[in-house]
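Okay, so here's the structure we're looking at.
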Amino acid sequence: MSTARRIAEDGLFAAILFALQVALSFLPNVELVSLLVMLYARHLGRRVFPILFAFAVLEGLLYGFGIWWISYLYVWPILAWLSILLKKTQAPVFSYGILSCFFGFGFGLLCSIPYMAGGLGAAFAWWIAGIPFDLIHGISNLILALALFAPLSRVFSVLK
């Protein structure tokens, strides 16, 4: 594959992440980004990381580069890295649903790390306040991944 084609595809993949995140932003912590990050990681391998960086930049451009934005530089790559490891173990497809669920449950904890700049108490308070949203995030991730991961993975395989 040519470099130009790869750059164009990666830009499209980042734009899809961004568009879906914005389109579903009215639903608190219900998102398709986690699902697509896992699919991209499974099918594109390490190529997913520049896509995630582009997605994070787009998020910052739209919503501002606040302290929350720092977490996007490591939270989504963590999910991608775990998905790549899961593929290497040849785990069954439903394992991605479990990963997505636990990722949603832990999202707030992972995102609280930059708030340690205000002290451990600030990060802890930020995380605790978001637990109800993390529960929604984890459960919705599980449902979406169990329903959509396998069929979207088959589509992705055909497109490659």
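The values are calculated or read from the model by the stated rules, or taken from the named source; none is laboratory data. Just so it is clear, the model here is predicted, and its values are computed rather than measured. Counting neighbours? That spans all protein chains shown, and the Cβs are built from the backbone with ideal geometry, glycine included. Heavy atoms of the whole protein, side chains included, go into the accessibility calculation; ligands, DNA and RNA do not. Shrake-Rupley method; radii C 1.70, N 1.55, O 1.52, S 1.80 Å.
Name the single residue that is most open to solvent (accessible area, probe 1.4 Å) among those in segment 130-139 being part of a helix (DSSP H, G or I) and either in contact with a Phe, Trp or Tyr (Cβ under 8 Å, 6 or more places away or on another chain) or of a type in the set (Gly, Ala, Ser) (or both).
Top of the filtered list is LEU135.
Rundown of residues vs (1) hydrophobic (A, V, I, L, M, F, W, C); (2) open to solvent by less than 30 Å² (accessible area, probe 1.4 Å), yes/no style:
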position: SER112; (1), (2): no, yes
position: GLY118; (1), (2): no, no
position: GLY121; (1), (2): no, no
position: ILE128; (1), (2): yes, no
position: LEU148; (1), (2): yes, no
position: VAL155; (1), (2): yes, no
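Here is a yes/no grid of residues against (1) in a helix (DSSP H, G or I); (2) surrounded by 14 or more Cβ atoms within 10 Å (Cβ to Cβ):
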| site | (1), (2) |
| --- | --- |
| PHE26 | no, no |
| LEU35 | yes, yes |
| TYR40 | yes, yes |
| HIS43 | yes, yes |
| LEU52 | yes, yes |
| LEU61 | yes, no |
| TRP68 | yes, yes |
| LYS87 | yes, yes |
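What are the pairs, 6+ residues apart or on separate chains, where a residue within segment 125-139 that is over 14 Å from LEU27 (Cα atoms) has its Cβ under 6 Å from a residue that is assigned to a helix (DSSP H, G or I) and aliphatic (A, V, I, L, M)?
Cβ pairs passing all conditions: TRP127/LEU109.
Just checking, how many residues over segment 1-34 are within 17 Å of LEU62 (Cα to Cα) and small (Gly, Ala, Ser)?
Counting residues in segment 1-34 that are within 17 Å of LEU62 (Cα to Cα) and small (Gly, Ala, Ser) gives 6.
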